[in-house]
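Pasting in a structure now, in structure tokens, and then I'll have a few things to ask.
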Amino acid sequence: MSGKHVAVLMGGFSSERPVSLSSGVACADALEGEGYRVTRIDVDRNVASVLADLRPDVAFNALHGPFGEDGTIQGILEYLEIPYTHSGVLASALAMDKAQAKLVASAAGIPVAEARVMDRHDFGANHPMKPPYVVKPVREGSSFGVVMVKEDQSHPPQIVTSSEWRYGDRVMVERYVYGREFTCGVMGDTALGVTEVIPQGHAFYDYDSKYVKGGSKHVIPADILPNIYQKIQTLAVMAHQAIGCRGVSRSDFRFDDRFSEDGELIWLEVNTQPGMTPTSLVPEMAVHAGHTFGEFLKWIVEDASCLR
């Protein structure tokens, strides 16, 4: 029994607050089962003073979205000298900015889809890229604000320029990659298994596919050619290292095998704070690799540090 005092940071005030609360509760319960003394913190604007008074041995970061995985809370923890889980300030900020992460990944030899970054107000009557394409907020997670533009759509998506848009002004317009969705977790510098994600009743792996029970089917190990399976694992580790991730990360891919079995494999993004909900992918990968959920979280806690 460890006896370490672990503060589980959850909730927060991003669009992903409900997901974070679900992740945080699951992690807190499992860590208590592993013998840790756990304090659950629903993060708000006074989190620095709460942590300064509490002085836990480790902060388990179960936050998602802006503030929680963009380097901000990591900077607070560095300032307070409280060891924390997952990636550090730079890697978190870099991975959260999809456009910058794509530049770094491409420079490291990882295949990415053609894209351009633009202000959402600059969308005019003409498409910024030949359809089909995807519009993504540069700094959001869990597929919030993702808009698919189909091949036969006559004009750019109007929602992006409307007053209802709440995902920031910088957006990335990215070539749509046909095919199957795969994802691979990295634990330390070791690739976990590859999962195929098959949305159920959804056009793509959107928020409901990720977090609503029955929203998607997870197939692990993915039923693909061994060379493609291994390539996904290799690229996931390359992305983890190129971005500078620590602890656990997860990379997402699209694989277009319409014209040949080797197809086109494209890296989409790396997630430095993978979900830890009952339907989340990385815990499933850890179980497939032979770790119980509690053992997996224990590894993450014991890996915690400052200066990540």
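Does Gly35 count as within 16 Å of the chain's Cα centre (by Cα) and closer than 15 Å to Ile300 by Cα?
Details: within 16 Å of the chain's Cα centre (by Cα): no; closer than 15 Å to Ile300 by Cα: yes.
Here the answer is no, as Gly35 does not meet what is asked.
Suppose the filter is modelled with pLDDT under 95 and either in the same structural domain as Val134 (by TED's automatic domain parsing) or in contact with a Phe, Trp or Tyr (Cβ under 7 Å, 6 or more places away or on another chain) (or both); does Ser216 pass it?
Numbers: modelled with pLDDT under 95: yes; either in the same structural domain as Val134 (by TED's automatic domain parsing) or in contact with a Phe, Trp or Tyr (Cβ under 7 Å, 6 or more places away or on another chain) (or both): yes.
In short, yes.
Here's the yes/no breakdown for (1) of a type in the set (A, V, I, L, M, F, W, C); (2) without any contact (Cβ under 8 Å) to a residue 60 or more places away in the chain; (3) under 24 Å from Tyr36 (Cα atoms):
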{"position": "Met238", "(1), (2), (3)": "yes, no, no"}
{"position": "Ser260", "(1), (2), (3)": "no, yes, no"}
{"position": "Glu269", "(1), (2), (3)": "no, no, no"}
{"position": "Pro274", "(1), (2), (3)": "no, no, yes"}
{"position": "Asp303", "(1), (2), (3)": "no, no, yes"}
{"position": "Cys306", "(1), (2), (3)": "yes, no, yes"}
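What is the one condition in (1) surrounded by 20 or more Cβ atoms within 10 Å (Cβ to Cβ); (2) touching a residue at least 24 places away in the same chain (Cβ under 8 Å) that Ala93 does not satisfy?
(2)
Are there any pairs with C-beta distances below 7 angstrom linking a residue in the range 1-25 that is more than 17 Å from Phe67 (Cα to Cα) and at pLDDT 90 or above to a residue that is part of a loop (DSSP other than H, G, I, E, B) and of a type in the set (Asp, Glu), with the two at least 6 apart or on different chains, and if so which?
Lys4/Asp57; His5/Asp57; Val6/Asp57
Could you please give the count of residues in the range 155-184 that are out of contact with any Phe, Trp or Tyr (no Cβ under 9 Å at 6 or more places or on another chain) and outside any loop (DSSP other than H, G, I, E, B)?
2
Taking the range 27-71, which residues are in contact (Cβ under 8 Å) with a residue 60 or more places away in the chain and either over 17 Å from His5 (Cα atoms) or in contact with a Cys (Cβ under 8 Å, 6 or more places away or on another chain) (or both)?
Of the range 27-71, the ones in contact (Cβ under 8 Å) with a residue 60 or more places away in the chain are 27, 30-31, 33-34, 36, 58-66, 68-70.
Selection gives Phe60, Ala62, Leu63, His64, Gly65, Pro66, Gly68, Glu69, Asp70.
Identify, by number, the condition in (1) of a type in the set (A, V, I, L, M, F, W, C); (2) exposed (fewer than 15 other Cβ atoms within 10 Å of the Cβ); (3) touching a Pro at 6+ places or on another chain (Cβ under 8 Å) that Ile159 doesn't meet.
Only one criterion in (1) of a type in the set (A, V, I, L, M, F, W, C); (2) exposed (fewer than 15 other Cβ atoms within 10 Å of the Cβ); (3) touching a Pro at 6+ places or on another chain (Cβ under 8 Å) is unmet by Ile159, namely (3).
If you scan the range 185-207, which residues turn out to be modelled with pLDDT under 65 and either assigned to a strand (DSSP E or B) or closer than 18 Å to Gln273 by Cα (or both)? Give the derivation first.
Pass one, the range 185-207, residues modelled with pLDDT under 65: 201-207.
Selection gives Tyr205, Asp206, Tyr207.
Now for a different question. Scan the range 96-106 for residues that are in contact (Cβ under 8 Å) with a residue 60 or more places away in the chain and more than 21 Å from Ile232 (Cβ to Cβ) and report the count.
Of the residues in that region, 2 qualify.
When the residues of the range 230-283 are filtered to those that are charged (D, E, K, R), over 24 Å from Lys136 (Cβ atoms) and at pLDDT below 95, which remaining residue is surrounded by the fewest Cβ atoms within 10 Å (Cβ to Cβ)?
Among them, the one singled out is Glu261.
Where in the range 1-93 are the helices (runs of 4 or more DSSP H), entirely inside, with at least 3 residues that are more than 18 Å from Met276 (Cβ to Cβ)? Reasoning before the result, please.
On the way: elements: 17-33, 47-54, 72-80.
Qualifying helices (runs of 4 or more DSSP H): 47-54, 72-80.
Collect the residues in the range 13-35 that are surrounded by fewer than 24 Cβ atoms within 10 Å (Cβ to Cβ) and not hydrophobic (A, V, I, L, M, F, W, C), keeping them in residue-number order.
Ser14, Ser15, Arg17, Pro18, Ser22, Asp29, Glu32, Gly33, Glu34, Gly35 - these are the residues of the range 13-35 that are surrounded by fewer than 24 Cβ atoms within 10 Å (Cβ to Cβ) and not hydrophobic (A, V, I, L, M, F, W, C).
Follow-up question, since we're still on this one. May I ask you to list the residues in the range 107-154 that are without any contact (Cβ under 8 Å) to a residue 24 or more places away in the chain and assigned to a strand (DSSP E or B)?
If the condition is that a residue be without any contact (Cβ under 8 Å) to a residue 24 or more places away in the chain and assigned to a strand (DSSP E or B), then Val147 is the only one that fits.
The values are calculated or read from the model by the stated rules, or taken from the named source; none is laboratory data. Just so it is clear, the model here is predicted, and its values are computed rather than measured. So basically every Cβ, Gly included, is an ideal-geometry build from the backbone, and we count neighbours across all protein chains shown.
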